Amino acid sequence: MQNDFNITKENVMLQNRIGTKNEQVESVLNLSGKNVEKILSVSTCFNIVSNESLVGEVTYNANLLSNIFYKLQDGTVENTATSTSISSRYENELLTATSSVFIIPNIISSEIEKIAEDNFKIKTNIELSFIGANNQEIAFYAGGDENVFVKQTEIPLSSLTAKNCSLFSQPIILDAKCPIDSVLSTQTGVVTTKTESLDNMVIVEGKIFANALVKSAEETPRIFAISNLEQFREEIEDANVKPNSQILALAKVVCEDVKTEIQENSESVEISVPINICYDVVETRNITVVTDAYSIKNEISATTGGFNSTEFLAKESFEFKFDGNISLDEETPRVDKIIATDGSYLTITNTALSDNELLVEGIVKTNLIYLNDEENGLNSITIEIPFSETQRANTNFANNIIYEAFVSEVDATAKKGREIFIDGKITLTISPSTETSHAVISNVEIGDEIEASTSAIEIYFANAGQTLWDIAKDLKVSKNILELQNKDLPEVMQGGEKVVYYNQKTLNV
């Protein structure tokens, strides 16, 4: 006989990294009539515009923005931006129509090649990581039968209750301290550093970085980079949010909508950075579950159900320096004066968190723009700097890490024209989580009656590691009565302890 009336069901959230996919995006740039002598720098930004989860797949729309900075044959410099839209899908059997999916882009490489006179092809390789969250309906046996004794414990379980996105724009002022003629390229980055839930409101805090390559309006024009980093705090009204809600938030720059404007004083640039914050709303509560059961009157068949759940840990922020050296080969024009770095981006190749230590590995790539006296003109070279960084973390261990990161303050110095030293700063935040396995009683079926014992006294010799619960289950008696009748016994047996059970009904007869 199945005890359906003693079964409860709960939604339990499980989030994991369900897979990766490489996107190869090609953009064609037509600069006919420009008489391009040399491409100096390419900077790229990839933005997931929207995604929709379906059964077995997620579809998404994305945009790749590429800014090309180049030198013309007459010695002047210009820039051109090109935008490429893509629509694609990723298939995975774990996805459902109600899944919440974060898609995290990681630019692996961006290269430009000449395909015809003043016509170029930009090839960008992006690795997309898909983070999926689903609610699973789990059945729990709740007990309630007076003849069935249960061992209970309390476990924290989370469920996904809502998902939302909010768009806002943050202006950042970059000071040049000299008149600016034009902005040649921009780069932006964003990370979230803190989330807070109030009644019907989400508060997200973070950092926004902006860098601009500009040409001065001086008598002898100069090309140089200016940058700034600012904090942001965005309040989002959301009726699904409660004061104790957990918020998993990620931010991204909508790069195709970034606006630049030279201010009236001509010595500063305002960059308007549109930020799209997407977040999951998670509710966590403690659930009492049954892990073992037995009956003193009937044989029972207990079904054990196994499931995994996700526990979200506190978001953490890190900032650290990176540096490295390269040597130019003899075929590359020597560096006589460094102008700027441009198009810097970060590729994360590995993250791991254990024993309160966060390991982050990756590569920083940047375009070094410089002067060569022999050619009396601008040159550039793409430089890759690998890094491996260990940071102390508040979190002890995480199965899964969702990260946000940007690179800033990239600087270069040259020694003897061929030894190049690069350094800069990486800003990183992580949203760690752990996956826990649970085994609980999901159902109990009542079987035949047990033949009542006719013994007035039963003596039991315990095995090492047994508990009073284990012994009571073997004897099919109440643990509380066994405890009262054997007051000096420990909770966990060493082995050989004598346990005596007095059958009250037999003694009364």
In region 228-241, which residues are surrounded by 15 or more Cβ atoms within 10 Å (Cβ to Cβ) and more than 20 Å from the chain's Cα centre (by Cα)? 228, 229, 236, 238, 241
Conditions: (1) assigned to a strand (DSSP E or B); (2) on the phi < 0 side of the Ramachandran plot; (3) not hydrophobic (A, V, I, L, M, F, W, C). Residue 19 meets all but one. Number of the miss? (2)
For region 465-490, how many residues are surrounded by fewer than 16 Cβ atoms within 10 Å (Cβ to Cβ), among the acidic types (Asp, Glu) and under 21 Å from residue 300 (Cα atoms)? 1
For residue 240: the one exception among (1) among the polar types (S, T, N, Q); (2) part of a strand (DSSP E or B); (3) in the same structural domain as residue 209 (by TED's automatic domain parsing): (2)
Kindly evaluate residue 310 against the criterion of being of a type in the set (Val, Ile, Thr), buried (at least 17 other Cβ atoms within 10 Å of the Cβ) and within 25 Å of residue 382 (Cβ to Cβ). no
Positions within region 335-346 being part of a strand (DSSP E or B) and crowded, with 18+ Cβ neighbours inside 10 Å, in sequence order: 339, 340, 341, 342, 343, 344, 345, 346
Every residue from region 62-105 that is part of a strand (DSSP E or B) and among the hydroxyl-bearing types (Ser, Thr, Tyr): 66, 70, 80, 82, 83, 84, 85, 87, 88, 90, 100
Does any residue in region 397-408 that is assigned by TED's automatic domain parsing to the domain that holds residue 342 and of a type outside the set (Val, Ile, Thr) come within less than 8 Å, Cβ to Cβ, of a residue that is surrounded by fewer than 22 Cβ atoms within 10 Å (Cβ to Cβ) and outside any strand (DSSP E or B) six or more places away or on a different chain, and which pairs are these? 397/355; 398/313
Selected residue (criterion: surrounded by the fewest Cβ atoms within 10 Å (Cβ to Cβ)) from residues of region 246-295 that are of a type in the set (Lys, Arg) and more than 15 Å from residue 205 (Cα to Cα): 285
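Here's a check for you: in region 370-395, which residue that is surrounded by fewer than 16 Cβ atoms within 10 Å (Cβ to Cβ) and modelled with pLDDT of 95 or more is nearest to residue 339 (Cα to Cα)? Show your work before the answer.
Let us first name the residues in region 370-395 that are surrounded by fewer than 16 Cβ atoms within 10 Å (Cβ to Cβ), namely 373-377, 382, 384, 386, 388-390, 392, 394.
Imposing the further condition that a residue be modelled with pLDDT of 95 or more reduces the set to 382, 384, 386, 388-390, 392, 394.
Values: 382: 14, 384: 18, 386: 23, 388: 28, 389: 29, 390: 32, 392: 36, 394: 40 Å.
Top of the filtered list is 382.
Considering only residues that are in a strand (DSSP E or B) and acidic (Asp, Glu), look in region 175-206 and name the one that is surrounded by the fewest Cβ atoms within 10 Å (Cβ to Cβ). Steps first, answer last, please.
First, pick out the residues of region 175-206 that are in a strand (DSSP E or B): 175, 180-198, 201-206.
Retained after the next criterion (residues that are acidic (Asp, Glu)): 175, 181, 196, 205.
Values: 175: 13, 181: 15, 196: 15, 205: 15.
Of everything passing the filter in region 175-206, 175 is surrounded by the fewest Cβ atoms within 10 Å (Cβ to Cβ).
The values are calculated or read from the model by the stated rules, or taken from the named source; none is laboratory data. Computed from a prediction, not measured in an experiment: that's the story for all the values here. So basically every Cβ, Gly included, is an ideal-geometry build from the backbone, and we count neighbours across all protein chains shown.
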